[in-house]
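Chemist: Pasting a structure here, questions to come.
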Amino acid sequence: MQRLSGMDAAFLYAETPSVHMHTLKVAIVEPPRHLAAEDILDGLRSELERRIHLLPPFRLRAVEVPLGLHHPVWVEDPDFNLSRHLYRKTLPAPGNASQLNAMVSQIASEQLPRDRPLWEIWVIDGLESGDIAYVAKLHHALAD
């Protein structure tokens, strides 16, 4: 257990249903041609399972202190499951930039659930170029 710093706690306190305190990182990459779209998420999951021990904050969730007597604390999530952090979406044809932007906007418009570590990664396929997009969403309390 580790108490959130004042700055990290401020990011949690500042969040409202209409003001989200997360950041998005978007990368558009050419996938390996030998992998089907559904296999890309499985590959990401396998690689994260192998390396998640190198990212301890990605297994921590923020827990409120009873009666709000102090800043929340980081605790290891006893129910940690990568499936609750990794998602896949497929754009409808033609999979153009406007559709990708709309999907990224939709992802950005939803708060990160507080019952788990404050991050998620989306794999978006169906782009007309054949590329895929990775969208990583991290709460500022975790990232900063």
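Chemist: Taking only protein heavy atoms and a 1.4 Å probe, what accessible area per residue, in Å², does the chain have with all protein chains in place?
Modeler: 56 Å²
Chemist: Let me know the shape class of the stretch 1-83, please: from the alpha-carbon gyration tensor, a ≥ b ≥ c as square roots of the eigenvalues, rounded when a/c is under 1.5, otherwise prolate if a/b is greater than b/c, or oblate.
Modeler: Verdict is prolate for the stretch 1-83.
Chemist: With θ set to phi - 60°, apply the Karplus curve 6.51 cos²θ - 1.76 cosθ + 1.60 along the stretch 31-40 and write out the HN-Hα couplings as whole Hz, x wherever there is a Gly or Pro.
Modeler: Calculated HN-Hα couplings, in order: x, x, 5, 7, 9, 6, 3, 5, 6, 5 Hz.
Chemist: How large is the accessible surface of residue 30 in square angstrom, using a 1.4 angstrom probe and rounding to the nearest 10?
Modeler: Roll a 1.4 Å probe over it and residue 30 shows about 120 Å².
Chemist: Taking the dipole about the Cα centre of the chain, with the C-beta of Lys and Arg at +1 and of Asp and Glu at -1, give me whichever of 142, 70, 111 is farthest to the positive side.
Modeler: Farthest towards the positive end: 70.
Chemist: Normalise the Debye intensity by I(0) for the stretch 1-142, one equal point scatterer per Cα, no solvent, then take log10 at q = 0.11, 0.13, 0.19 Å⁻¹ and round to two decimals.
Modeler: Per q value, in the given order, log10 I(q)/I(0) is -0.47, -0.63, -1.13.
Chemist: Roughly how many debye, to the nearest 20, is the charge dipole of the chain about its Cα centre, given +1 on each Lys and Arg Cβ, -1 on each Asp and Glu Cβ, and no other charges?
Modeler: 200 debye
Chemist: With all protein chains present, how much of the accessible area of the chain (probe radius 1.4 Å) comes from carbon and sulfur, to the nearest whole percent?
Modeler: Ligands and nucleic acids excluded, carbon and sulfur reach 56 percent.
Chemist: Within the stretch 1-92, which GluC sites (Glu not before Pro) sit in a loop by DSSP and count at most 16 neighbouring Cβ atoms inside 10 Å?
Modeler: Passing both the DSSP loop test and the Cβ count: 64.
Chemist: Quick one: Karplus J couplings for the stretch 83-100, per residue in order, coefficients 6.51, -1.76, 1.60, θ = phi - 60°, nearest Hz, x for Gly and Pro?
Modeler: 4, 8, 10, 10, 9, 10, 10, 10, 6, x, 4, x, x, 8, 4, 5, 5, 4
Chemist: Please report the net charge: other residues with Cβ closer than 9 Å to the Cβ of residue 38, K and R +1, D and E -1.
Modeler: -2
Chemist: Please work out the Cα center distance from the stretch 124-143 to the stretch 57-113, rounded to the nearest Å.
Modeler: Result: 12 Å between the Cα centres.
Chemist: Okay, next question. With N set to the number of residues, divide the alpha-carbon radius of gyration of the stretch 31-71 by 2.2 N^0.38 Å and report two decimals.
Modeler: Against the compact-globule rule of thumb, the ratio is 1.94.
The values are calculated or read from the model by the stated rules, or taken from the named source; none is laboratory data. Only a predicted model underlies this, so the values are computations on that prediction, with no experimental measurement involved. Reconstructed Cβ throughout: ideal geometry from the backbone, glycine too, with neighbour counts over all protein chains shown. SASA here: full protein model, heavy atoms, side chains in, ligands and nucleic acids out. Shrake-Rupley method; radii C 1.70, N 1.55, O 1.52, S 1.80 Å.
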